[in-house]
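The values are calculated or read from the model by the stated rules, or taken from the named source; none is laboratory data. None of the values given here were measured: they were computed from a predicted structure. Positions of Cβ are backbone-derived with ideal geometry, glycine not excepted, and every protein chain shown enters the neighbour counts.
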Amino acid sequence: MKKTGRFLLFGVLLVSLSVALFGCGTKNSGSSSDGGGDVEGVRKLTVGTDATYAPMESMDEKGNIVGIDIDIVKAIAEAAGFEVEFKNVGWEPLFPAVDNGEVDFAVSSITITEDRQKTYDFSDPYFSANQLILAPEDSSVESFEDLKDKRVAVQINTTGHIVTRGLLGDTSSKIVAAETMPLAITEMINGNADAAVGDNAVIIDYKANNPKVQVKTIEDASFEKEYYGLMVKKGNTEIVDLLNEGIQIIKDNGKLKEITGFDLE
Amino acid sequence: MDFLDIRWDMWEMIWNYRVLFLRGIGVTVALTIIGYLGGIVLGLFIGMGKLSKRKWIYYPCKYYVDFFRGTPLLVQILLIHSAIIPGIFGHSLGPIVSGAVALVLNSAAYNAEIIRAGIQSIEKGQTEAARSLGMTKQIAMKSIILPQAFRRMVPPLGNELIALMKDSSLVTVIAVNDILYAGKVVAGAAQRFWEPYLMAAILYLCLTFILGKLISYVEKRFSNSYVPTKRKNLFSSRRS
């Protein structure tokens, strides 16, 4: 019994030591990039993204991060007069990365939601999207309601996951939440799920790239229109203002429409 | 340090998601047991195969170990789930089956090496003595070599059990509802990323603690049971 106690104490010491070290590390990195690193008067901001979400953001053969979101951010940067450097962080690490200052802001088809606004600040919306259902061509699914007793594949912790949780329940085992959207769609193709739910741009892009796969897309009016925003650390109004300024400029001069192909109301 | 502030409502949230964590514990334990037992049985054959003098047995076993020990488990899981099983059966058998298959195949490669090394660690004289007593090769292996070798295999096999339990968290990428998956879902729902992972860490720690106890019990059992009967009696008579 005594021995166990000593082991426990040692364990607690270890944990607290590592927590303390971890804490210090993040504090330092936070302060170093808060200023954004001025180089010859032109401000350089680090932008985090999850480059697994074609056509919005993905990696090309040379390892460059490309996509609609990326083009938009580049246009915003040009309009507002700063430089950007993209960093592929991954979807989940993106949130703490914004929190601890590893990146100055994040662009990754991030839908502005009430929940996220509690923890982060967002720029004005720059893109509107809605969820789309992808199902095998012979599937009986015709609306989102039809998925109630079916297995649904989504990308973990995306809007698709959130709406599906709303329909099937927070802890439902019928939600197949894979790491990336391509993996989620593969789950459906392989028969692990009856349908996949995701952002329209990605699902349409999937269909365009895989014409041989027998699938259909289903729109549902119950999906609310969503707006993508650039995500900034809570309270960092300076960067939010800078980004909004750029967004306003590219909205006014038609550059945004040129990139996305539609007007943002 | 604002990043580390503890929000007690986070633990409430984790509690609300307890079904996911409980299911996660069940899935992790089940995957570990299946992966381990399957890995030992398959590993025994492959380990013995690597000791064979026949080339058509030796080489496939050698290449098997080389492949599964030489590629990351994460890659194996993704390959098995998205290519190999759908390729064989025409459709996926579900992420849990893929995960279990990957863990069995991977753990078999490591177990094969442990078993081969264990058998090779028994001095040649033991086989020679058994053979000179008139035992066949098979009987000598079964009743002289393997029991001795097994005692030496117990500690590394126990190690492998703990490693396998932790490695099973990798199946999370193919959406198996294990402990880490529960942590990820809660992290995403709450947009808070360290309490749910801490919870997952605590659960894994509890499981490895229990496994550790189990392993030391088994080790003790095996170190006693092979003490020759006569000496055991000698000790007990002295003590009484």
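Brief remarks on what is shown
- For the stretch A:72-87, the criterion of being under 12 Å from the mean Cα position of the chain (by Cα) and at pLDDT 90 or above is met by none of the residues.
- Given (1) within 30 Å of B:Ile122 (Cβ to Cβ); (2) modelled with pLDDT under 90, number of the condition B:Ile215 does not satisfy: (2)
- From B:Trp11, B:Trp56, residue being more than 14 Å from every other protein chain (Cβ to nearest Cβ), closer than 18 Å to B:Ala112 by Cβ and part of a helix (DSSP H, G or I): B:Trp56
- Scanning the stretch A:161-185 for residues that are more than 8 Å from chain B (Cβ to nearest Cβ) and of a type in the set (S, T, N, Q) yields A:Thr164, A:Ser172, A:Thr180.
- Among the residues of the stretch A:82-96, those that are surrounded by fewer than 21 Cβ atoms within 10 Å (Cβ to Cβ), in contact (Cβ under 8 Å) with a residue 40 or more places away in the chain and outside any strand (DSSP E or B) comprise A:Gly90, A:Glu92.
- Residue in the stretch A:135-143 that is surrounded by 21 or more Cβ atoms within 10 Å (Cβ to Cβ), touching a residue at least 60 places away in the same chain (Cβ under 8 Å) and aliphatic (A, V, I, L, M) present: yes
- Whichever residue in the stretch A:160-196 is within 14 Å of the chain's Cα centre (by Cα) and at pLDDT below 90 and, among such residues, is farthest from A:Gly90 (Cα to Cα): A:Met181
- Hits in the stretch B:82-94 - residues which are modelled with pLDDT of 90 or more and either in contact with a strand residue (DSSP E or B) (Cβ under 8 Å, 6 or more places away or on another chain) or buried (at least 20 other Cβ atoms within 10 Å of the Cβ) (or both): B:Ile85
- If you go through the stretch A:101-120 and keep only what is within 14 Å of chain B (Cβ to nearest Cβ) and part of a loop (DSSP other than H, G, I, E, B), you end up with A:Gly101, A:Glu102, A:Ser108, A:Ile110, A:Ile112, A:Thr113.
- Among the candidates B:Ile40, B:Ile33, residue that is away from chain A (no Cβ under 14 Å), free of Cβ contacts under 8 Å to residues at least 12 places away in the same chain and under 17 Å from B:Ala102 (Cβ atoms): B:Ile33
- Within this structure, A:Ser222 fails the test of being within 13 Å of chain B (Cβ to nearest Cβ), among the hydroxyl-bearing types (Ser, Thr, Tyr) and more than 28 Å from A:Val73 (Cα to Cα).
- Those residues of the stretch B:189-207 which are out of contact with any helix residue (DSSP H, G or I) (no Cβ under 7 Å at 6 or more places or on another chain), among the small types (Gly, Ala, Ser) and modelled with pLDDT under 90, in sequence order: B:Ala189
- Wholly within the stretch B:94-211, helices (runs of 4 or more DSSP H) carrying at least 3 residues that are within 30 Å of B:Lys62 (Cα to Cα) and within 14 Å of chain A (Cβ to nearest Cβ): B:95-120
- Residues being closer than 21 Å to A:Phe127 by Cα, at pLDDT 90 or above and not in a helix (DSSP H, G or I) - total across the stretch A:235-265: 2
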